[in-house]
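One structure is given below, encoded as structure tokens.
The values are calculated or read from the model by the stated rules, or taken from the named source; none is laboratory data. Because the structure is a prediction, the values reported are computed rather than measured. Counting neighbours? That spans all protein chains shown, and the Cβs are built from the backbone with ideal geometry, glycine included.
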Amino acid sequence: MEYLENRKAERLEMVRRQITARGVRNRKVLSAMRTLPRHYFVPEAYSECAYDDCPLPIGFGQTISQPFMVAYMLEALSLSGAEKVLEVGTGSGYQTALLGMLASEVTSIERITPLAVRAARILSSLGFENAKIIVGDGFEGLSEIAPFDAIIVSAAPTFIPPALAEQLREDGGCMIMPMGAFGAQSLVRITRSGDDLMIERLMDVAFVPMIQGLSDLE
């Protein structure tokens, strides 16, 4: 594919300086991030900054996360490649595409219709057939196709959404999410065993807040 060479040197440098240097070691995650063109997923005005060590605006008050944070969260999920994954907060679609390279089936929920449409168009242009985007309320998840082996949340609620916890696979389903009020957020890993949830705090983070309900943007 053409994108395999497009700005490849910048991707390799991004992974070397920003990701492996900070301790991410999962070979599948590193390979995916060396391959996928991040600049395809950012607005044209920010294309030159696509591989910088920072989040970038994507419109509607949302951002594409810092490359290291995406890599860290994906590594924390410990995907084998056979999982059914739910992503809450499609945003640019960059993380959705990476999940499509790392898992068997990905469904992503986005509450802002224009972002969902734009991300779906990019994923289609890159040939992703195992990643589906749905406009919906991330707090509610997708009970009709649950359970999920893994859930990844890209905005911060102040509590664990009950519907998402219920939609995790009972025997070891894993959810990665930022949680807490802005300025006091932690990235947590939640593992389900029956009706019990084991919660691990991984690091301090700063994400946009998770908003309940659909956006009124069409």
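For the condition modelled with pLDDT under 95 and not small (Gly, Ala, Ser), what is the one hit in ILE160, ILE199, ILE211? Show your work before the answer.
Working: ILE160 fails: modelled with pLDDT under 95; ILE199 fails: modelled with pLDDT under 95.
None of the others qualify; the one that does is ILE211.
I need every pair where a residue in the range 157-182 that is within 13 Å of GLY138 (Cβ to Cβ) has its Cβ under 6 Å from the Cβ of a residue that is part of a loop (DSSP other than H, G, I, E, B) and at pLDDT 95 or above, sequence separation at least 6 or different chains.
As it stands, the answer is ALA163/GLY141; LEU164/GLY141; GLN167/GLY141; GLN167/ALA146; GLN167/PRO147, since those pairs meet every condition given.
Taking the range 120-137, which residues are of a type in the set (Gly, Ala, Ser) and either farther than 20 Å from GLY213 by Cα or modelled with pLDDT under 95 (or both)?
Filtering the range 120-137 down to residues of a type in the set (Gly, Ala, Ser) leaves 120, 124-125, 127, 131, 136.
Selection gives ALA120, SER124, SER125, GLY127, ALA131.
Does any residue in the range 132-154 that is closer than 13 Å to LEU168 by Cβ and of a type in the set (S, T, N, Q) come within less than 8 Å, Cβ to Cβ, of a residue that is in a helix (DSSP H, G or I) and modelled with pLDDT of 95 or more six or more places away or on a different chain, and which pairs are these?
SER143/ALA163; SER143/GLU166; SER143/GLN167
Scan (1) more than 17 Å from the chain's Cα centre (by Cα); (2) among the small types (Gly, Ala, Ser); (3) under 19 Å from VAL85 (Cβ atoms) for the single condition ALA150 breaks and write down its number.
(1)
Kindly indicate which of VAL106, VAL117 is β-branched (Val, Ile, Thr), crowded, with 21+ Cβ neighbours inside 10 Å and farther than 25 Å from ASP204 by Cβ. Explain how you work it out, then say what you get.
Numbers: VAL117 fails: crowded, with 21+ Cβ neighbours inside 10 Å.
Sole residue among the options that is β-branched (Val, Ile, Thr), crowded, with 21+ Cβ neighbours inside 10 Å and farther than 25 Å from ASP204 by Cβ: VAL106.
Of all residues in the range 11-27 being of a type in the set (Lys, Arg) and in contact with a helix residue (DSSP H, G or I) (Cβ under 6 Å, 6 or more places away or on another chain), which is nearest to LEU74 (Cα to Cα)?
Within the range 11-27, the subset of a type in the set (Lys, Arg) is 11, 16-17, 22, 25, 27.
Those left that are additionally in contact with a helix residue (DSSP H, G or I) (Cβ under 6 Å, 6 or more places away or on another chain): 11, 22.
Values: ARG11: 17, ARG22: 14 Å.
Ranking the candidates gives ARG22 first.
Just a yes or no: is a residue in the range 57-64 more than 24 Å from VAL117 (Cα to Cα) and either in contact with a strand residue (DSSP E or B) (Cβ under 7 Å, 6 or more places away or on another chain) or at pLDDT 95 or above (or both)? Step through it out loud before you land on a result.
Start the filter on the range 57-64 by keeping residues that are more than 24 Å from VAL117 (Cα to Cα), which leaves none.
Scanning the range 57-64, I find no residue that is more than 24 Å from VAL117 (Cα to Cα) and either in contact with a strand residue (DSSP E or B) (Cβ under 7 Å, 6 or more places away or on another chain) or at pLDDT 95 or above (or both), so the answer is no.
Would you mind stating whether MET33 is closer than 19 Å to LEU187 by Cα and modelled with pLDDT of 95 or more? Steps first, answer last, please.
Details: closer than 19 Å to LEU187 by Cα: no; modelled with pLDDT of 95 or more: yes.
When the stated conditions are applied, MET33 does not pass them.
Could you identify the single residue in GLY183, GLY194 that is loosely packed, with under 12 Cβ neighbours inside 10 Å, at pLDDT below 95 and on the phi > 0 side of the Ramachandran plot? Spell out how you get there, then give the answer.
Numbers: GLY194 fails: at pLDDT below 95.
When all the criteria are applied, what remains is GLY183.
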